[in-house]
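The values are calculated or read from the model by the stated rules, or taken from the named source; none is laboratory data. Just so it is clear, the structure is predicted and the values come from calculations on it, not from any experiment. When we count neighbours, we look across all protein chains shown, and the Cβ atoms used for this are built from the backbone with ideal geometry, even at glycine. Heads up: the accessible areas ignore ligands, DNA and RNA and are worked out on the full protein's heavy atoms, side chains in. Shrake-Rupley method; radii C 1.70, N 1.55, O 1.52, S 1.80 Å.
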Amino acid sequence: MQLTDFIKKVLQQFLIIFALIIIILTFLRQLYYPEVAFDLKSIYIVMAFSLFASLLGFILYSPNNLSEKNSRIRMVIHFLALEALLITLASITGIVDSVLSKSILAIQIAVIYCIVRLLSWQQDKKVSNEINEKLHLLRKSLKE
């Protein structure tokens with residue numbers, strides 16, 4: 001993967017993560033705390049956490065093609081680093097203070113991580129199908 005593609009993917013994941021967190025928070029606040037509104041500070045905190053989460057994507061970056069095994073290992077390391085960083089930041093800023101709130105945050109991070117991975121997989125699958133279709137058309141035109 002080229003560096004420009006990697007940067008585009010980091011920005012795309014930042015926006016997806018940010019949007020997912022805002023959507024989930026909005027939904028949960030409507031259910032449990034309808035009187036609480038978003039303030040600018042909380043939006044900045046969500047934005048910072050989203051940025052840190054997407055910047056950790058450097059763990060997944062490689063200018064060379066990786067084997068499937070190495071890709072999976074990097075994905076696990078990325079997930080664990082992401083969990084550790086975000087829970088540590090949340091503890092330092094005072095967002096989470098108990099073991100229960102840290103556990104809930106860890107589950108929320110895991111759910112959002114899975115959604116982002118699923119969306120990335122769908123996008124990769126779409127690009128792969130487009131490439132395969134072009135190759136098929138090229139082979140067909142070469143046969144004629």
Quick one: is Leu3 loosely packed, with under 13 Cβ neighbours inside 10 Å and in contact (Cβ under 8 Å) with a residue 24 or more places away in the chain? yes
Which of the residues spanning the stretch 112-136 are open to solvent by less than 80 Å² (accessible area, probe 1.4 Å) and within 11 Å of the chain's Cα centre (by Cα)? Ile112, Tyr113, Ile115, Val116, Arg117, Ser120
Which of the residues belonging to the stretch 60-85 are free of Cβ contacts under 8 Å to residues at least 60 places away in the same chain, farther than 15 Å from Tyr113 by Cβ and either open to solvent by 50 Å² or more (accessible area, probe 1.4 Å) or touching a strand residue (DSSP E or B) at 6+ places or on another chain (Cβ under 8 Å) (or both)? Asn64, Asn65, Leu66, Ser67, Glu68, Lys69, Asn70, Ile73
Among the numbered criteria (1) small (Gly, Ala, Ser); (2) touching a residue at least 12 places away in the same chain (Cβ under 8 Å); (3) loosely packed, with under 12 Cβ neighbours inside 10 Å, which one does Gly57 miss? (3)
Between a residue in the stretch 95-107 that is of a type outside the set (Phe, Trp, Tyr) and any residue that is assigned to a loop (DSSP other than H, G, I, E, B) and surrounded by 10 or more Cβ atoms within 10 Å (Cβ to Cβ), which pairs come within a Cβ distance under 7 Å, given they are 6 or more apart or on different chains? Lys102/Val96; Leu105/Val96
Checking the conditions here, which among Val116, Val127 is in contact with a helix residue (DSSP H, G or I) (Cβ under 6 Å, 6 or more places away or on another chain), modelled with pLDDT under 85 and of a type in the set (A, V, I, L, M)? Val116
With the requirement that a residue be surrounded by fewer than 10 Cβ atoms within 10 Å (Cβ to Cβ) and either touching a Lys or Arg at 6+ places or on another chain (Cβ under 9 Å) or not β-branched (Val, Ile, Thr) (or both), what does the stretch 92-111 give you? Gly94, Ser98, Leu100
Output the residues belonging to the stretch 3-51 that are among the hydroxyl-bearing types (Ser, Thr, Tyr) and farther than 20 Å from Glu83 by Cβ. Thr4, Thr26, Tyr32, Tyr33, Ser42, Tyr44
